[in-house]
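What follows is one structure encoded as structure tokens, with my remarks underneath.
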Amino acid sequence: MENSERALDEAAQLLVESRHVVALVGAGLSAESGVPTFRGPGGLWTKLGEPSMNGYQEFLGDPVRWWRDQQDQQADPDRTEFREAIERAEPNPGHYALAALERMGILKMTITQNVDDLHARAGQEMLAEIHGNRTKLRCISCESRWPRDHFEGQDYPIYCPECRGLVKSDTVMFGEPIPRGMLDLCFSQTEMCDCMIVCGTSATVYPAASFPQTVRERGGAFIEANPNPTPLSPIANVVLRGQNGQVLPALVERVKVLKG
Ligand code: OAD
């Protein structure tokens, strides 16, 4: 279904009628901030190929070497281009729209697969960063998190000052379990959710892709905001076709009208 005034009205109505709205977000939300998506035309992995599926095992096997490889990758012009794009990126109107919904008390939690920190920079506070945050480091044992430069100048590997566990970038690698505390937060939010707005994700990576299905199975609603169809489109209650940077602000305007 093409995006229409009616679809926007229906989505706004669902948002104001719901008790516990949760957003599930993917790379498409940041596309208009200049951060490439992973899949599809122009996607990072479409261009460079998928990263090693054993990334986490490689890190555990030789963390010092893994950190050195990270440095080498930064010299790779293609990856440098991506890193620079993400470092230059600013929140776009789609991020600010989610922040507005949070301030209005409508959006209770955002489960984001994005690691770019743009939600927080747009003013969102209720965040479950299921794939981590590239501006942070994390202990793989106790799951403490610190800003990226917290241990600057220390030799690798870095050990947690609290529990002596290994410290790595907070970004979840292939083969790495999602931190338990984060996973529990995502599952409990999904259980509570009676309306999920799914923004800019191809809905192909689990467990995130299962959350909208769970909401539907439990009798809740879900709204898909994505310019392209996804495997979840057929079970969406409302589909908003178009770029998040246009569709989400339009949705906020309608919600404001309904809230009076
Ligand atoms: P994908 O790259 O798989 O999908 C991006 C989605 O964004 C697609 O469905 C596009 O149609 C949509 N899109 C493109 N431009 C858009 C726009 N302006 N507005 C809204 N949507 C737009 O990205 P994800 O679904 O986030 O995990 O990928 C999920 C995970 O795959 C990532 O978090 C990453 C990867 O494995 C890790 O790195 C752990």
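The values are calculated or read from the model by the stated rules, or taken from the named source; none is laboratory data. Quick caveat: nothing in here was measured; it's all calculated off a predicted structure. Backbone-built Cβ (ideal geometry, glycine too); neighbour counts: all protein chains shown. Only protein heavy atoms, including side chains, enter the accessible area calculation; ligands, DNA and RNA are left aside. Shrake-Rupley method; radii C 1.70, N 1.55, O 1.52, S 1.80 Å.
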Problem - Convex hull volume per residue for region 36-88, taking Cα atoms only, in Å³ - result: 81
Handout entry: Nearest-10 value in Å² for the accessible area of His131, using the 1.4 Å probe
Key = 40
Problem - Under DSSP loop assignment and at most 14 Cβ neighbours within 10 Å, longest GluC sites (Glu not before Pro)-free interval of the chain - result: 3-124
Handout entry: Within-10-Å neighbourhood charge of Ala221 [Cβ basis; K, R +1; D, E -1]
Key = -2
Practice task
For Phe187, tell me the accessible area in Å² from a 1.4 Å probe, rounded to the nearest 10.
Solution key: 90
Exercise for the section: For every other residue with a beta carbon closer than 14 angstrom to the beta carbon of Met182, add +1 if it is Lys or Arg and -1 if Asp or Glu, then tell me the sum. Expected result: -1
Completion exercise
By the Cα gyration tensor axes a ≥ b ≥ c (a/c under 1.5 gives rounded; else a/b larger than b/c gives prolate, otherwise oblate), the shape of the chain is prolate
Exercise for the section: Over the chain, calculate the relative contact order: mean separation of alpha carbon pairs under 8 Å at least 6 apart, over the residue count, as a percent. Expected result: 28
Handout entry: region 129-169 residues near the modelled Val64 label - backbone nitrogen below 20 Å, point 7 Å along Cα→Cβ
Key = 140, 151-161, 164-169
Practice task
Would you calculate, for the chain, the mean residue ellipticity at 222 nm contributed by helices, counting each DSSP H stretch of 4 or more residues as -39,500 (n - 2.57) and dividing by all residues, to the nearest 500?
Solution key: -12000 deg cm²/dmol
Completion exercise
If R0 = 45 Å, then Leu183 and Asp155, at their Cβ-Cβ distance, give a FRET efficiency to the nearest 0.05 of 0.90
Fill in the blank from the handout: If amide H atoms are modeled at 1.01 Å from N in the peptide plane, then the residues at a separation of 5 or more from Ile158, or on another chain, having amide H under 5 Å from its own are Val167
Completion exercise
Tilt, helix 5-17 to longest principal axis of the chain (alpha-carbon atoms), in degrees rounded to tens, equals 80
Fill in the blank from the handout: For Asp194, the accessible surface traced by a 1.4 Å probe with all protein chains present amounts, in square angstrom to the nearest 10, to 40
Handout entry: Environment charge at Gln124 (Cβ cut-off 15 Å; Lys +1, Arg +1, Asp -1, Glu -1)
Key = -3
Handout entry: Gyration tensor (alpha-carbon) shape descriptor, region 130-260, a/c threshold 1.5
Key = prolate
Practice task
Work out from phi, with θ = phi - 60° and the Karplus expression 6.51 cos²θ - 1.76 cosθ + 1.60, the ³J(HN,Hα) of each residue of region 232-240, listed in order in whole Hz, and give x for Gly and Pro.
Solution key: 8, 3, x, 9, 6, 6, 9, 10, 10
Exercise for the section: Sort region 150-196 into rounded, prolate or oblate with this rule: let a ≥ b ≥ c be the square roots of the eigenvalues of the Cα gyration tensor; rounded if a/c is under 1.5, and if a/c is not under 1.5, prolate when a/b is larger than b/c, oblate otherwise. Expected result: prolate
Exercise for the section: List the cysteines in the chain whose Cβ has no other cysteine Cβ under 4.7 Å from it. Expected result: Cys186, Cys193, Cys195, Cys199
